[in-house]
1. Identify all residues within region 83-98 that are crowded, with 16+ Cβ neighbours inside 10 Å and not basic (Lys, Arg); write none if there are none.
2. Which ones in region 46-105 are in contact with a Gly (Cβ under 6 Å, 6 or more places away or on another chain) and in a helix (DSSP H, G or I)?
3. Please go through region 43-64 and pick out each residue that is closer than 26 Å to residue 30 by Cα and open to solvent by 70 Å² or more (accessible area, probe 1.4 Å).
4. Is there any pair with a first residue in region 57-75 that is closer than 28 Å to residue 9 by Cα and a second that is part of a helix (DSSP H, G or I) and open to solvent by 30 Å² or more (accessible area, probe 1.4 Å) whose Cβ atoms are under 8 Å apart and which are 6 or more apart or on different chains, and what are they?
5. Find all pairs meeting these conditions: Cβ atoms under 7 angstrom apart; at least six residues apart or on different chains; first residue within region 77-105 and of a type in the set (Lys, Arg); second residue part of a strand (DSSP E or B).
6. Counting only residues that are at negative phi and under 13 Å from the mean Cα position of the chain (by Cα), how many does region 69-85 have?
7. Part of a loop (DSSP other than H, G, I, E, B) and either open to solvent by 20 Å² or more (accessible area, probe 1.4 Å) or within 19 Å of residue 100 (Cα to Cα) (or both): does that describe residue 13?
8. Select from region 19-36 the residues that are at pLDDT 95 or above and either of a type in the set (Gly, Ala, Ser) or not in a strand (DSSP E or B) (or both) and write down the one among them that is least open to solvent (accessible area, probe 1.4 Å).
Amino acid sequence: HVIVLNELNGNFTIHCKSKDDDVGSHVIPVGKSYDLSFRVNFTGTTLFFCSITSPEGSIDFDLYNAKRDMLRCPTQCNWTAAKAGLVGRTQTKPPALDMLIKWSK
């Protein structure tokens, strides 16, 4: 399960897909989140890549990469769209900020 929370001052649009599935574009209002649930494939190569456009700029990134995320966030990966960029947090208690992808203008 992957969540991208909108903490920006405006809406953002996210478009995600994998090799086999295009889950489409979604407009996410301020304070709301984009949620995506799926099962990791048997070979552990599941990859969902996305693009986000917002008033801050744009970002292309791997929303979920099994090789990176199976240990980092085994059941739920949390991202936050913030002024500084897209912030990723581990699933540890408490969650630790471990990724920051800055906006491209």
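1. Initially, region 83-98 is screened for residues crowded, with 16+ Cβ neighbours inside 10 Å, giving 85-90.
Of everything in region 83-98, those that are crowded, with 16+ Cβ neighbours inside 10 Å and not basic (Lys, Arg) turn out to be 85, 86, 87, 88, 90.
2. Listed by number, the list holds a single entry, 66.
3. First, the residues of region 43-64 that are closer than 26 Å to residue 30 by Cα: 48-64.
49, 53, 55, 60 - these are the residues of region 43-64 that are closer than 26 Å to residue 30 by Cα and open to solvent by 70 Å² or more (accessible area, probe 1.4 Å).
4. 62/68
5. Once the first residue is of a type in the set (Lys, Arg) and sits in region 77-105, its partners that are part of a strand (DSSP E or B) give 89/78; 89/97; 89/98; 102/85; 105/57.
6. So the first thing to find is which residues in region 69-85 are at negative phi, and the list is 69-84.
Among the residues that remain, those that are also under 13 Å from the mean Cα position of the chain (by Cα) are: 69, 73, 76-82.
Of the residues in that region, 9 qualify.
7. Values: part of a loop (DSSP other than H, G, I, E, B): no; either open to solvent by 20 Å² or more (accessible area, probe 1.4 Å) or within 19 Å of residue 100 (Cα to Cα) (or both): yes.
Judged against the criteria, residue 13 is not a match.
8. 24
The values are calculated or read from the model by the stated rules, or taken from the named source; none is laboratory data. For clarity, every value in this text was computed on a predicted model and none was experimentally measured. No Cβ is skipped: glycine too gets one built from the backbone with ideal geometry, and neighbour counts run over all protein chains shown. We work out accessible area using only protein heavy atoms, side chains counted, and drop any ligands, DNA or RNA first. Shrake-Rupley method; radii C 1.70, N 1.55, O 1.52, S 1.80 Å.
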